[in-house]
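The values are calculated or read from the model by the stated rules, or taken from the named source; none is laboratory data. What you are looking at is a predicted structure, and each value in this text was computed from that prediction instead of being measured. Here Cβ is always computed from backbone atoms with ideal geometry, including for glycine, and neighbour counts include all displayed protein chains.
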């Protein structure tokens, strides 16, 4: 299946280091070679930058170029695809994008959904994936409930309920953002790490590349990375429990629905 990656930070932060590690799993160190995508919100609220390609990220000149862009954001989501439903095509690459409640929403999914609730409203998928259809259904549910986009408590509760229902239809690990917050749900497997002062060095698990975060951050920075699998080899990542849902704002968990059991501990040298 696919792999997910997301960032939530209290100051505009780029995803270059983590995305470089993720993209290598798109055909080189992993077999997720059916496309990739990255969505990054402009920190001043002007809009969204979205890059998608139906090619192996590990060998794509476009993905390599995007990995070098200084896309500083409070929220970003990336994805590498291993196709299970839908052909290899740009329209089937995550993250998916919709405008809802005058906001730009993006969504990425890891898993396989055998049965989906029917779509009854105006949302319709462009491609053939179960993932995009699930995104359309989630937005229809928010519309049906009459929720305001700024109602964090109501939106979080609705996203948890939608995610629980989708997880009951197969495998659902999902990421959703509207640019101000990041929602993550672990149906089977997700990990997270929060970096804050005192910062240290991190080393990618998939490449001979490291970064000293103490040299590129300020003491007040808080950055949380969410990923299907840990991306670094010398840090301790926290596994989300099965069914756990979190809402991140500014790198901090502001809302959480506990899950049932840890999806697997990850050893490491400790978080910086």
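Determine if the range 85-93 includes at least one residue that is assigned to a strand (DSSP E or B) and either more than 24 Å from residue 171 (Cα to Cα) or touching a residue at least 24 places away in the same chain (Cβ under 8 Å) (or both).
no
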**Q.** Unique match (being over 15 Å from residue 9 (Cβ atoms) and within 16 Å of the chain's Cα centre (by Cα)) among 232, 224, 194, 238
**A.** 238
Q | Of the criteria (1) within 17 Å of the chain's Cα centre (by Cα); (2) surrounded by fewer than 20 Cβ atoms within 10 Å (Cβ to Cβ), which one residue 62 fails | A | (1)
(Q) Condition (residue is under 24 Å from residue 211 (Cβ atoms), modelled with pLDDT under 95 and surrounded by fewer than 20 Cβ atoms within 10 Å (Cβ to Cβ)) applied to the range 248-256: is it met by at least one residue? (A) no
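Quick check: anything in the range 122-132 under 30 Å from residue 45 (Cβ atoms), assigned to a strand (DSSP E or B), modelled with pLDDT of 95 or more and touching a strand residue (DSSP E or B) at 6+ places or on another chain (Cβ under 8 Å)? Explain how you work it out, then say what you get.
Step one: filter the range 122-132 for residues under 30 Å from residue 45 (Cβ atoms), giving 122-127, 129, 131-132.
Subsequent filtering for residues that are assigned to a strand (DSSP E or B) retains none.
Checking the range 122-132: not a single residue is under 30 Å from residue 45 (Cβ atoms), assigned to a strand (DSSP E or B), modelled with pLDDT of 95 or more and touching a strand residue (DSSP E or B) at 6+ places or on another chain (Cβ under 8 Å).
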Q) Would the range 35-50 turn up any residue that is modelled with pLDDT under 95, more than 18 Å from residue 175 (Cα to Cα) and part of a strand (DSSP E or B)? A) no
Q: Filter the range 31-52 down to the residues that are in contact with a strand residue (DSSP E or B) (Cβ under 8 Å, 6 or more places away or on another chain) and in contact (Cβ under 8 Å) with a residue 60 or more places away in the chain, then identify the one that is surrounded by the fewest Cβ atoms within 10 Å (Cβ to Cβ).
A: 48
Q) From the list 157, 202, which one is over 26 Å from residue 230 (Cβ atoms) and either modelled with pLDDT of 95 or more or outside any strand (DSSP E or B) (or both)? A) 157
Q.
For the list (1) surrounded by 14 or more Cβ atoms within 10 Å (Cβ to Cβ); (2) over 19 Å from the mean Cα position of the chain (by Cα); (3) under 29 Å from residue 58 (Cβ atoms); (4) modelled with pLDDT of 95 or more, I need the number of the one condition that residue 272 fails.
A. (4)
**Q.** Inter-residue pairs, beta-carbon under 7 Å, first on the phi > 0 side of the Ramachandran plot and in the range 110-135, second crowded, with 22+ Cβ neighbours inside 10 Å and in a strand (DSSP E or B), 6+ apart
**A.** 111/172; 111/173
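Which of the following residues is more than 21 Å from residue 251 (Cβ to Cβ) and crowded, with 18+ Cβ neighbours inside 10 Å: 166, 182, 190?
None of the others qualify; the one that does is 166.
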Q. Among the numbered criteria (1) touching a residue at least 60 places away in the same chain (Cβ under 8 Å); (2) crowded, with 16+ Cβ neighbours inside 10 Å; (3) touching a strand residue (DSSP E or B) at 6+ places or on another chain (Cβ under 8 Å), which single criterion is violated by residue 206?
A. (3)
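Would you check which residues across the range 213-239 are closer than 20 Å to residue 73 by Cα and not in a loop (DSSP other than H, G, I, E, B) and list them? Even if it seems obvious, please write down each step before you answer.
The first filter runs over the range 213-239 and keeps only residues closer than 20 Å to residue 73 by Cα, leaving 213-227, 231.
213, 214, 215, 222, 223, 224, 225, 226, 227, listed by residue number.
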**Q.** Test set (1) in contact (Cβ under 8 Å) with a residue 24 or more places away in the chain; (2) in contact with a helix residue (DSSP H, G or I) (Cβ under 6 Å, 6 or more places away or on another chain); (3) part of a strand (DSSP E or B) - residue 9 fails condition number
**A.** (2)
Q. In the list 96, 107, which residue meets the criterion of being without any contact (Cβ under 8 Å) to a residue 60 or more places away in the chain and within 16 Å of the chain's Cα centre (by Cα)?
A. 96
